[in-house]
Amino acid sequence: MTEEYDLLIVGAGTGGSVAAETAAKKGLKACIVDCKPEDEIGVKVCGDAIGGHHFKELGIPPPTGDDFDIEIEGIKLYSPDLSTVFVVNGPGVTGYIVNRHSFGQRLLKAALDSGIKLRDSMLVTKPLIEDGCVRGVLAHNLKDKQKQTLRAKVTIDASGAAAAIRSRLPDEFGIEREVSKKDLMSCYREIRGGVELEKGYCQIYLNQAVAEGGYFWIFPKSEGRANVGVGVQASKRGVHPKTQLYSHIFTQPKFRHTTTLEAGGGYVPTRRPIDCLVGNGVMLVGDAACLVNPIHGGGIGPSMVSGRLAAEMASEAIERSDTSKRGLWRYNTGIMKAYGAKQASLDIFRIFLQETSDEELNFGMKHGLVKESDVLSASMKGDLTLSIPDKAERVLRGLRRPDFLIRLEEVARKMRGIKEHFLNYPTPEEFPAWRARIKTFY
C-alpha cells in the first residue's frame, strides 16, 4: 500500500508536531508517522523543563492546563563539595516544568486539528531513496503487520536520538550518521513522590565522582514530587547512571521515605549540532539533528524551534519545485543563527567542564574564578566574556591556580571563535572547507 504527501514527518514529538502544524498552515498535504499508539505520544524520559522564552519566540501559548506543572524561576548550580551555590536567574532560564505526556498530546492535537494526518503504530524501517533523493519511507504497520510505503516530496527526521532516517542515509548525502559516545549522555531518572523541595528552582549538581562527564539533577514538580536523575558521559565504561543514582542520591535523608512513580533512561546527544541538516529531499530536526543544549541537556525548546523552521523552509522549497539539498540549504543557515551557533559555543564549555576535576571546580567556584554571571551569559548567549579588569581580579583570586585561569581564557577564546564560525554558515560549495575547520576548535 502506498500513500503520497508533500511533507512526511517521522516522529510526533515536540519538533515533529510543531512542524506538522506549521505545514498545515502553509497549505501542505502532510503526515506524521510515529511508532507509538496515538494515546502514548508524548511519553518520554525527560527533565520536563522548558524555557519560557521559546513560547514567546514561537507564538505558542505557554502551558496552562493539564500540560502545566509548575513555574521555574531559575537554576541553582552546586559545586562538587556543595560549599558554593550559584543562583542563576534571567530571561533565558525562567520557564516551566511541564507534564510531558500532556504537553506532547497538546502539541499533537494542535497538529491534528489543523488537518494533518497521523499514522501511529507505524515503525519506519528505512528511507525510500530514488535517484539520490529521499522520496519518503518504508514502514511496518504494527497494528495489521502490513508493509507500508509513504512517499513525499520532503521527509523530516524528527525521530529523536535514534535518528531513524539520518542513521540510514548513504555516504553520498554528506550528513553525519553516527554520534560519538563522547558526545552522548547516558541518563536515568525517576519521578519520586513524597519529596519536600524548594519550589521554583531546578537544582544541578556538578560532581565527577557521581556523574562522570555529566551531572545529576533534582527538579521540583507539584504535589510533593521531584524529577531526579543522573547523566554520565556514555563513553565512560562501567558507570551506570541508575547505579549512581541509587548509590549516591537516593541515600540522602530527603529521599528516605519517597516512592518511585515513574522510571526510565536513555541517551541524549549533548554536542554541537549536526553540521549539515539537509540532503536531497530530507531535513533533520530536534534530537535527530543533535539540537540539545550541551550544558543542561534541555531539548524541548530547540526541537520546537527547528520543527517550525524546517516546515517553513520545506514549504518554500516545494513551492519552488526544488527539494534538493541546495533548495533546502537555507534551513541550515536559519538554524545556526537561531540556535546552532550558541549551541556550538556551549559545546566547547561542556568539554571544559568534563575535563575539569572536582577539586578545580570547587576552587574556581568558591574563589570567583568562575562566576554566576559566566553561567548566565553562557546560557543566554553562548558567550564567556572576560574584560581586562575582570581578568585582573580573577588573576589575584586565582594565584594558586594559574593553570585554571589560562584554560578558562582559552575556552572563552574558542567559544567566541566557533560561535562566529557557525554564524558564518557557508554555501554548499564552501561547505567542505568550512566543515574541515570545525576540527581545529576541538
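If you go through the stretch 193-209, how many residues are touching a strand residue (DSSP E or B) at 6+ places or on another chain (Cβ under 6 Å) and farther than 14 Å from Thr258 by Cα?
Count: 7.
Which numbered condition in (1) under 24 Å from the mean Cα position of the chain (by Cα); (2) among the hydroxyl-bearing types (Ser, Thr, Tyr); (3) within 22 Å of Gly301 (Cα to Cα) is the only one that Ser114 fails?
Exception for Ser114: condition (1).
Can you find even one residue in the stretch 321-335 that is part of a helix (DSSP H, G or I), touching a residue at least 12 places away in the same chain (Cβ under 8 Å) and among the small types (Gly, Ala, Ser)?
Yes: one or more hits.
Just name the residue that is surrounded by the most Cβ atoms within 10 Å (Cβ to Cβ) out of those in the stretch 232-266 that are touching a Phe, Trp or Tyr at 6+ places or on another chain (Cβ under 8 Å) and over 24 Å from Gly194 (Cβ atoms).
Here the answer is Ala234.
Please specify each residue of the stretch 45-86 satisfying the condition of being within 23 Å of Tyr188 (Cβ to Cβ) and among the acidic types (Asp, Glu).
Asp48, Asp69
Please work out which residue is surrounded by the most Cβ atoms within 10 Å (Cβ to Cβ), limiting yourself to the stretch 69-100 and to residues that are among the aromatic types (Phe, Trp, Tyr) and over 17 Å from Ser373 (Cβ atoms).
Going through the qualifying residues, I end up with Tyr96.
Within the stretch 1-51, which strands (runs of 3 or more DSSP E) (wholly inside it) include 1 or more residues that are in contact with a Lys or Arg (Cβ under 6 Å, 6 or more places away or on another chain) and either touching a residue at least 40 places away in the same chain (Cβ under 8 Å) or of a type in the set (Lys, Arg) (or both)?
So the answer is 2-10, 30-33.
If a residue must be assigned by TED's automatic domain parsing to the domain that holds Pro37 and free of Cβ contacts under 8 Å to residues at least 40 places away in the same chain, how many such residues does the stretch 69-111 contain?
1
Quickly run through the stretch 272-295 and pick out the residues that are under 15 Å from Gly160 (Cβ atoms) and among the charged types (D, E, K, R).
Asp287
The values are calculated or read from the model by the stated rules, or taken from the named source; none is laboratory data. This one's a predicted model, so the numbers in the text were calculated from it and none came from an experiment. Because the Cβ atoms are built from the backbone with ideal geometry, glycine has one as well, and the counts that use them run over all protein chains shown.
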